[in-house]
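Participant: The structure follows.
The values are calculated or read from the model by the stated rules, or taken from the named source; none is laboratory data. Since the model is a prediction, treat every value here as computed from it, not as a measurement. Neighbour counts are summed over all protein chains in view; Cβ atoms, including those assigned to glycine, are modelled from backbone coordinates with ideal geometry. These area figures cover heavy atoms from the full protein model, side chains too; ligands, DNA and RNA do not enter into them. Shrake-Rupley method; radii C 1.70, N 1.55, O 1.52, S 1.80 Å.
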Amino acid sequence: MLKTALHYSHDLLKEVVTEGDLVIDGTVGNGNDTLFLAELVGETGTVIGFDVQEQAIQTTQTKLDEAGLNKQVALYQQGHETLAHVIPSDKKVKAAIFNLGYLPKSDKTIITQSHTTLKALADLLELTEDLGRIIVVIYYGHDGGEIEKEAVLDFVRQIPQTQCNVLSYQFINQKNNPPILITIEKKSQKIN
Ligand code: SAM
């Protein structure tokens with residue numbers, strides 16, 4: 001069976017993330033990706049997670065504590081547009097994931113916004129290591145979602161081919177705005 005955007009996003013992370021890596025969860029939400037990343041990087045790695053909602057940070061912290069995965073995770077109740085101030089200046093990021101939209105079963109008016117999403121992506125492109133991956137799952141069925149979808153697609157289409165591979169994955173015959181999974185893979189800049 002073809003994989004859902006969620007499952008495929010985890011496969012794409014698993015292919016590159018190994019123990020000891022530094023990775024980012026740009027939209028912590030209910031913590032599903034945060035826990036997944038925490039297992040991949042192990043106790044020697046680091047997951048830095050961002051969400052603007054207190055509820056998201058608290059729920060995820062509790063899940064991490066219960067799973068014994070809190071040692072390698074630092075959660076920040078602040079926007080992902082601030083990530084360049086949080087990521088240690090001597091470290092490079094191996095992978096990052098963003099799930100755009102609103103927190104399921106929560107306030108549908110608190111959504112990711114194109115200007116802050118694009119700021120985070122632009123900064124991350126500079127901070128990601130060669131062959132590292134930035135994954136953006138675009139949910140856009142809600143009010144405001146279409147604007148952000150177009151802004152993100154416009155941004156990623158313009159990333160020079162010499163710098164990154166950019167992949168788009170979506171079921172195009174599904175109803176109700178199926179998510180679009182974008183993967184940006186930094187190319188190696190080494191000259192052979
Ligand atoms: N990955 C999450 C999970 O596994 O449950 C789902 C994330 S949900 C689709 C989007 C989240 O982005 C919401 O929890 C929302 O509070 C958060 N958010 C909105 N604006 C944000 C920003 N500027 N920086 C970080 N998170 C933001």
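Participant: May I ask you to list the residues in segment 33-44 that are away from the ligand (no atom under 12 Å from the Cβ) and of a type in the set (Val, Ile, Thr)?
Facilitator: Those that are away from the ligand (no atom under 12 Å from the Cβ) and of a type in the set (Val, Ile, Thr): VAL41, THR44.
Results for (1) without any contact (Cβ under 8 Å) to a residue 12 or more places away in the chain; (2) in a loop (DSSP other than H, G, I, E, B); (3) under 15 Å from the mean Cα position of the chain (by Cα), shown as yes or no for each residue.
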site: LEU125; (1), (2), (3): no, no, yes
site: LEU131; (1), (2), (3): no, no, no
site: ASP143; (1), (2), (3): no, yes, no
site: VAL152; (1), (2), (3): no, no, yes
site: SER168; (1), (2), (3): no, no, yes
site: ILE172; (1), (2), (3): yes, yes, no
site: SER188; (1), (2), (3): no, yes, no
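Participant: Right, something else. Restricting attention to segment 174-186, and to residues there that are assigned to a loop (DSSP other than H, G, I, E, B) and open to solvent by less than 100 Å² (accessible area, probe 1.4 Å), which single residue is farthest from GLU146 (Cα to Cα)?
Facilitator: GLN174
Participant: Does LYS91 meet the test of being closer than 25 Å to THR46 by Cα, in contact with a strand residue (DSSP E or B) (Cβ under 7 Å, 6 or more places away or on another chain) and surrounded by 17 or more Cβ atoms within 10 Å (Cβ to Cβ)?
Facilitator: no
Participant: Hey, another quick one. Which residues, taken from segment 45-62, are within 13 Å of the ligand (Cβ to nearest atom) and out of contact with any helix residue (DSSP H, G or I) (no Cβ under 7 Å at 6 or more places or on another chain)?
Facilitator: VAL52, GLN53, GLU54, GLN55, ALA56, ILE57, GLN58, THR59
Participant: Find the residue count for segment 27-47, including only residues that are open to solvent by 10 Å² or more (accessible area, probe 1.4 Å), aliphatic (A, V, I, L, M) and within 12 Å of the chain's Cα centre (by Cα).
Facilitator: Of the residues in that region, 0 qualify.
Participant: Right, something else. Report yes if ASP25 is touching a residue at least 24 places away in the same chain (Cβ under 8 Å) and touching a helix residue (DSSP H, G or I) at 6+ places or on another chain (Cβ under 7 Å), otherwise no.
Facilitator: Judged against the criteria, ASP25 is a match.
Participant: Looking at ASP65, is it surrounded by fewer than 21 Cβ atoms within 10 Å (Cβ to Cβ) and more than 12 Å from the ligand (Cβ to nearest atom)?
Facilitator: yes
Participant: Further question on the same structure: Please enumerate the residues belonging to segment 84-97 that are more than 8 Å from the ligand (Cβ to nearest atom) and within 24 Å of ALA151 (Cα to Cα).
Facilitator: Once the filter is applied, which keeps residues that are more than 8 Å from the ligand (Cβ to nearest atom) and within 24 Å of ALA151 (Cα to Cα), segment 84-97 yields ALA84, HIS85, VAL93, ALA95, ALA96.
Participant: Select from segment 121-143 the residues that are farther than 9 Å from GLY101 by Cβ and surrounded by 15 or more Cβ atoms within 10 Å (Cβ to Cβ) and list them in ascending order.
Facilitator: LEU121, ASP123, LEU124, LEU125, LEU127, THR128, GLU129, GLY132, ARG133, ILE134, ILE135, VAL136
Participant: Something else now. Please work out if VAL156 is buried (at least 22 other Cβ atoms within 10 Å of the Cβ) and more than 12 Å from the ligand (Cβ to nearest atom).
Facilitator: Spelling it out, it is not the case that VAL156 is buried (at least 22 other Cβ atoms within 10 Å of the Cβ) and more than 12 Å from the ligand (Cβ to nearest atom).
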